[in-house]
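**Q** The structure that follows is given in the form of structure tokens.
Every number in this text was worked out from the coordinates using simple rules, so none of it is lab data. Computed from a predicted model, the values in this text were never measured in an experiment. Note: ideal-geometry Cβ built from the backbone for every residue, glycine included; neighbour counts use all protein chains shown.
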Amino acid sequence: MKIILGIIMIILGVILGVYVGVWVCFVGGIVDVINEIRAEHLEAVNVGIGLAKIFFAGISGWVSALLLIIPGYGFITWDSL
């Protein structure tokens, strides 16, 4: 049962990493920057946050993926005592 749970956690970790890295950070950052540029009053802080989301999309995706992959791998390799 632990092996199945570990495999499920690893698969969910990969899905979570792709979702956070690509959709939330990368695409969301691009949308934030475009919306701010099209706004009537440009706020530099919002543009900066959007650019930061784009720049750190890769590391955000990796960190969020590893939050589930590492425990899932632990479930697979953990020997019963």
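**Q** Within the range 2-81, which GluC sites (Glu not before Pro) sit in a loop by DSSP and count at most 12 neighbouring Cβ atoms inside 10 Å?
**A** Hits after loop and neighbour filter: GLU40, GLU43.
**Q** Follow-up question, since we're still on this one. Taking neighbour counts of Cβ atoms within 10 Å as a proxy for exposure, in what order, fewest first, do ILE30, ILE4 appear?
**A** ILE4, ILE30
**Q** Using only helices, what value at 222 nm comes out for the chain when you add -39,500 (n - 2.57) per DSSP H run of length 4 or more and divide by the total residues, to the nearest 500 deg cm²/dmol?
**A** -24500 deg cm²/dmol
**Q** Largest first, please: the extent of the C-alpha atoms of the range 6-74 along each principal axis, to the nearest Å.
**A** For the range 6-74, the Cα spread along each principal axis is 50, 13, 11 Å.
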